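The values are calculated or read from the model by the stated rules, or taken from the named source; none is laboratory data. Everything quoted here is computed from the prediction, not taken from an experiment. When we count neighbours, we look across all protein chains shown, and the Cβ atoms used for this are built from the backbone with ideal geometry, even at glycine. Quick note on the areas: whole protein, heavy atoms, side chains included, nothing else; ligands and nucleic acids left out. Shrake-Rupley method; radii C 1.70, N 1.55, O 1.52, S 1.80 Å.
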Amino acid sequence: WMTHPAFQNFDVKGLWVGKFETGNDNGIIVKPNVSSWRNANIATFFKTSYNYKRELDSHMMKNTEWGAVAYLSHSKYGINDEARINNNSNYITGYASTDEADQSSYPGTSGTASTVTLPYNTETGYKASTTGNITGIYDMAGGAAEYTAAYSGIGLSGLTTDELNTYENYFDIYPSNSTITSYNNRILGDATGETGPSYYYMEENSKLFLYHNSWYADYFTFVEPSYPWFFRGCSYYCGIVSGQLDISRESGKAAALSSFRLVLAIK
């Protein structure tokens, strides 16, 4: 038994985690039925999170914090299964795929019609929560892919070396020589290496070869020099390879499919 690293970073007994992906209404909002904040780089997401509520130690979610939530969901205290994908193609927070919308392949069925996707406060919507009911955390699978404050290099993040050093405690830092399959470079508790190794095979529907993890066959690619920032949860179209244990990587640039999550560290 050990204390999860997410609670050691800030010497806290608990964390407040955004219930939904972060939205933007002249500033941060965390609400259901809003569009995820996308099309911004890591620097924007990080600095906006950091400056949101300094008295509450607000910050952009780290990889280890994502891991803590993922593991709680994968236990008797959570849904103890994969959270259902948010397959709303307008990136609206809190949605869940209906039983009729096929998610057995990659890509899965997505859209905005009620026959395809339903909101958080419905019996279907509950299945996209980490607890399987309305009290849990949503959008951990699908919606927008979420950047985490975790990197192996600066990339196209918009942050400087001085800034990364100044805010070191607010990042999970991985070896710069990591490669797409370097799951052993994980930080304990981040729900990456523990779900490795990865397996490379073709998704029948798309005919694409993808890396998959060893647990639910979620998409699994580790950071590497060209893509040194972690993505978690995959996007609305990911179907069978999405999940709270999904892991990918990007350059840190602004992207149409990328968002982030807010965390408060309460002393």
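General observations
- Calculated FRET value between residue 267 and residue 112, using beta carbons and R₀ = 35 Å, to 0.05: 0.25
- Size of charge dipole - the chain - debye, nearest 20, with Cβ of Lys, Arg +1 and Asp, Glu -1, no other charges: 440 debye
- Annotation: residue 135 carries an accessible surface of approximately 110 Å², with a 1.4 Å probe and no ligand, DNA or RNA atoms counted.
- For peptides 249-255, 208-214, 197-203, sequence by mean Cβ density within 10 Å, most packed first: 249-255, 208-214, 197-203
- Applying the Karplus relation 6.51 cos²θ - 1.76 cosθ + 1.60 with θ = phi - 60° to segment 17-32 yields 3J(HN,Hα) values of 10, x, 5, 9, 4, 6, x, 9, 10, 6, x, 5, 9, 10, 9, x Hz, where x marks Gly and Pro.
- Coupling constants for segment 58-75 follow from the phi torsions by the Karplus curve (6.51 cos²θ - 1.76 cosθ + 1.60, θ = phi - 60°), and in residue order they are 5, 6, 6, 4, 8, 5, 5, 5, 4, x, 4, 5, 4, 6, 5, 5, 8, 7 Hz; glycine and proline get x.
- Distant-in-sequence amide H partners of residue 249 (H built 1.01 Å from N, under 5 Å): 231
- Put a dot 7 Å past the Cα of residue 8, heading toward its Cβ, do the same for residue 202, and the two dots end up 4.4 nm apart.
- Taking only protein heavy atoms and a 1.4 Å probe, the accessible area of the chain is 50% carbon and sulfur.
- Per residue, the accessible area of segment 104-147 comes to 36 Å², computed with a 1.4 Å probe over protein heavy atoms only.
- Net charge of the neighbourhood of residue 219, taken over other residues with C-beta under 12 Å away and scored Lys/Arg +1, Asp/Glu -1, is -1.
- Database remark: amide H of residue 108 closer than 5 angstrom to the amide H of 238, 239, 240 (H placed geometrically; neighbours at sequence offset of 5 or more, or on other chains; Pro and chain starts carry no H).
- In order through segment 214-226: 3J(HN,Hα) via Karplus (6.51 cos²θ - 1.76 cosθ + 1.60), integer Hz, x for Gly, Pro: 8, 9, 10, 6, 5, 4, 8, 9, 7, 5, 8, x, 7
- Options 230, 116, 161, ranked by Cα towards positive dipole end of the chain, top entry (Cβ charges): 161
- Highest-first arrangement of 109-118, 139-148, where packing means the average Cβ count within 10 Å: 139-148, 109-118
- Basic side chains Lys and Arg get +1 at the Cβ, acidic Asp and Glu get -1 at the Cβ, and with that the dipole of segment 69-211 about its Cα centre reaches some 120 debye.
- Taking a ≥ b ≥ c as the square roots of the eigenvalues of the alpha carbon gyration tensor, the chain is rounded, as a/c is under 1.5.
- Per residue, segment 1-91 exposes 49 Å² of accessible surface when a 1.4 Å probe is rolled over the protein heavy atoms with every protein chain present.
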